[in-house]
Amino acid sequence: MKRLLILILMLISFSASSYGKVVDYIVAVVNGQPILYSELLEYARNSRIRDLRVARDSLIEKKILLTEAEAEGLTVSDEAIKNALENFIKNSGFRSREEFEKALEKEGLTIDDVKKKLKEQLLVAKLIGRNVKSKIHVTDIEIEKVCRERQSKPIREVYYIFVKDRAKADKVMELLNSGVPFEKVAKEYSEDRATAEKGGYIGKVTKGALIKPLDIAVWAANPGSYKLVQGKNGYYIVYVKSERVEGCNRNRIKEELYTQKFQKALKEYVDSLKAKASVKVYF
């Protein structure tokens, strides 16, 4: 039955080819609404997605959200679209609507094309606002818990030089003890080229973030000092440049927690819509 439906869809698509029209066909049907191949190509181009199957899956997800917004009776006013268009033109760096329309014309687009896309974005935003954002809350207790955790974990700025043999490691230690800057020695002697190019810098770390030998060395060393440690494949000369305890910016923590909750809730919401959606794929 499915194979017969595909053949019918292809017949409808290719029947126009003898008249010199652009060949088009249905690549998927989402909740009763078709997605055309031409629509998929446009979406992939605008979204800068090179793999058409990846673009298809993304477009299907978008269609699921749009059909759900329609099912819930959500609408967007002409005034909202107008304001969104004005903001879009302004934020895109155009001096006037006329200049914007001329730029669209060169791309073979119209202002109505942009309005349609903006309407879809506003509908999806409204849907997510109603069913996801409105249900996310960050409590003072959650913020204080993160504050306590961060204030109890110092952060160290760490650099290292990696060499494979002990003689070279001793040479590196000799240079460092003689006053040669760590970054200079790292660039010349470290055999870990990825970090060597950055003067040995590996980042700002908390306890337990590194592999065990390095972690032990980092937290055994005093800030401003070097420490030689043997690893599985060679030797590390670890340099702890500084240590600090992170402050408690409650507003920033609240934003971070909100973002984490939102991303998790959004994924769960979209997954739930996908589970109940009617999706038929022909490409």
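Tell me what the chain gives for mean residue ellipticity at 222 nm when only DSSP H runs of n ≥ 4 count, each as -39,500 (n - 2.57), the sum divided by the residue total, rounded to 500 deg cm²/dmol. Can you show the working numbers first?
On the way: 12 runs with 161 residues, N = 283.
Roughly -18000 deg cm²/dmol at 222 nm, from the helical runs in the chain.
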Packing-based ranking, highest mean first, of 148-159, 74-85 given that Cβ atoms within 10 Å are counted: 148-159, 74-85
Rg/Rg_ref, the stretch 14-132, where Rg_ref = 2.2 N^0.38 Å and atoms are Cα: 1.21
Segment LYS204-GLU142, extension gain: residue separation times 0.36 nm, minus the distance between their alpha carbons: 19.9 nm
Cα-only radius of gyration and Dmax that characterise the stretch 233-279, units Å: 21.1, 59
Long pairs among LYS82/LYS261; LYS117/LYS261; LYS187/LYS232; LYS126/LYS276; LYS145/LYS274; LYS115/LYS264, criterion Cα-Cα beyond 25 Å: LYS82/LYS261; LYS117/LYS261; LYS145/LYS274; LYS115/LYS264
Spin-label pair LEU266/LYS102, simplified geometry with 7 Å Cα→Cβ offset, distance in nm: 3.7
Ordering of 262-274, 237-249 by packing [mean C-beta count within 10 Å, highest first]: 237-249, 262-274
Per residue accessible area of the chain, 1.4 Å probe, in Å²: 65
Peptide ranges 96-109, 28-41 listed from the most packed, as the mean C-beta count within 10 angstrom indicates: 28-41, 96-109
Of all accessible heavy-atom area on the chain, the percent that carbon and sulfur account for (1.4 Å): 51
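If one computes P(r) from the Cα atoms of the chain, what percent of pairs lie at distances over 25 Å? List each step's numbers first, then the result.
Numbers: 27377 of 39903 pairs.
Pairs farther apart than 25 Å: 69 percent.
The values are calculated or read from the model by the stated rules, or taken from the named source; none is laboratory data. Everything quoted here is computed from the prediction, not taken from an experiment. Neighbour counts run over all protein chains shown; Cβ positions are idealised from the backbone, glycine included. Heads up: the accessible areas ignore ligands, DNA and RNA and are worked out on the full protein's heavy atoms, side chains in. Shrake-Rupley method; radii C 1.70, N 1.55, O 1.52, S 1.80 Å.
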